[in-house]
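Read the structure below first, then the notes.
Please treat every number below as a calculation from the coordinates, not as lab data. Quick caveat: nothing in here was measured; it's all calculated off a predicted structure. Cβ sites come from the backbone with ideal geometry, for glycine too, and all protein chains shown count toward neighbours.
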Amino acid sequence: MPNLSSKLSRRAFGGIALATPALLTVGAASPVAAEPSQPAYLPAMFEAPMGSYRITALYDGAISLEKSLFFGPDQAEIDATLSGLGQTGASLATPVNAFLLQSDKHTILIDAGLGEIDFGPGVGRVSSALSQLGVTPEMIDTLILTHAHPDHLGGMLKQNAAAFPNAQLVTSADEHTFWNDDGIMAQAPEQMQGLFTGARSVFEAYKDRLVLVNDGAEVAPGVRLDLTPGHTMGHSVVHIDGGDQQILMVADSLLNADLQTAMPDVMAGFDTDPNLAVQSRRALLDRAATDQILISGSHLHFPGFGRFLEAGDGYRYVAASWL
Ligand SMILES: [Zn+2]
């Protein structure tokens, strides 16, 4: 899907070319008139201060999801909403973002993209983005896994071993329990078996450094995991309180940012418990809109920092104005 990737990259970089020195280089290398010949190798990062932390969005690439994966109470309204957003094809380009969180004391990676998992061209770029930031795998002290799906955990392995030799792996106890349950795995459909083996291989690689937490746990100063089950049973969002600024990273509470912001009741084929996912999404969107907290997400348009506003029965995403 090189064309979609390059479109997303150019759109993202076009608006933020002046934001950081790193992106000035990117802007200069992305002339409007010429297609970049190798979009997969462009650096893809956006940094912002977050109180005592600095948060950097890392773009892993874009995956293509079939439109038919999304379903809900009114299929015609889903089609109309997507058409209104200019998304008329059978597949939907879905950006994959990870986040680096740095303070004086901690270097934290929130999810790690697809890594070596083959999910089409142009993905698996988190590790090169980290190295371009000067962050070596050894420097990561904490890995937060929002949930154990391939686009979040793939980059945590390198040739089936831990890619980050000094990092603790933090995830919710519920997530760990679900994917390690042999009874659940035995009853799961054939196409889900790979998800279980993938999750287990990451837990195994980090078994000596695994930190399993419950709802609301503080995993580093000001960094909290809040359980939002449904997409997976231990799916968590990350609340970062940097003192004078806060951000809520909503992970896969929105798998398709445009559609599920406008229509929060739309479910996705990847949801373990779609009805519970809708409940969690509605509660999260309500909280984010009421508090007007800055948000980002694993599949929001890169870099994805913005706010949710109430709009009819749904919500509207508005990009952060600091850009
Ligand atoms: Zn995801």
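Some notes on this structure:
- Beta bridges assigned by DSSP with both partners in region 2-319 are antiparallel in approximately 80 percent of cases.
- Summed over all non-identical Cα pairs, the Kirkwood treatment of region 128-284 gives a radius of 16.4 Å.
- Share antiparallel - DSSP beta bridges, region 171-250, percent rounded to 5: 85 percent
- Projection of the Cα convex hull of region 240-295, averaged over all directions and equal to a quarter of that hull's surface, yields 3.9 nm².
- Multiplying the residue separation of ARG209 and ILE117 by 0.36 nm and removing their Cα-Cα distance gives an extension gain of 30.8 nm.
- Calculated from backbone phi, Karplus (6.51, -1.76, 1.60) coupling profile of region 155-160 in Hz, x at Gly/Pro: x, 7, 10, 10, 6, 6
- Dipole of the chain, positive end: most advanced residue of HIS231, PRO165, GLY312 [Cβ charges, Cα centre]: PRO165
- Each of VAL126, VAL237 has some number of other Cβ atoms within 10 Å of its Cβ, and from fewest to most they run VAL237, VAL126.
- In order along region 135-147, the Karplus-derived 3J(HN,Hα) couplings, from 6.51 cos²θ - 1.76 cosθ + 1.60 at θ = phi - 60°, round to 9, 8, x, 5, 6, 6, 9, 9, 10, 9, 9, 5, 5 Hz, and Gly and Pro are given as x.
- The lysine pair count for the chain, using Cα distances under 30 Å and pairs eight or more places apart or on different chains, is 5.
- Of all DSSP bridge pairs formed entirely within region 89-219, close to 40 percent run antiparallel.
- Charge dipole magnitude, Cβ of K and R +1, D and E -1 - the chain, Cα centre, debye nearest 20: 940 debye
- Between amide H atoms placed 1.01 Å from N, distances below 5 Å from MET267 occur with PHE71, GLY72, all of them 5 or more places distant or on a separate chain.
- What the phi angles of region 177-183 give under the Karplus curve with 6.51, -1.76 and 1.60, with θ = phi - 60°, is a coupling list of 4, 4, 6, 9, 7, 5, x Hz, glycine and proline written as x.
- More than 26 angstrom apart: percent of Cα pairs within the chain: 43 percent
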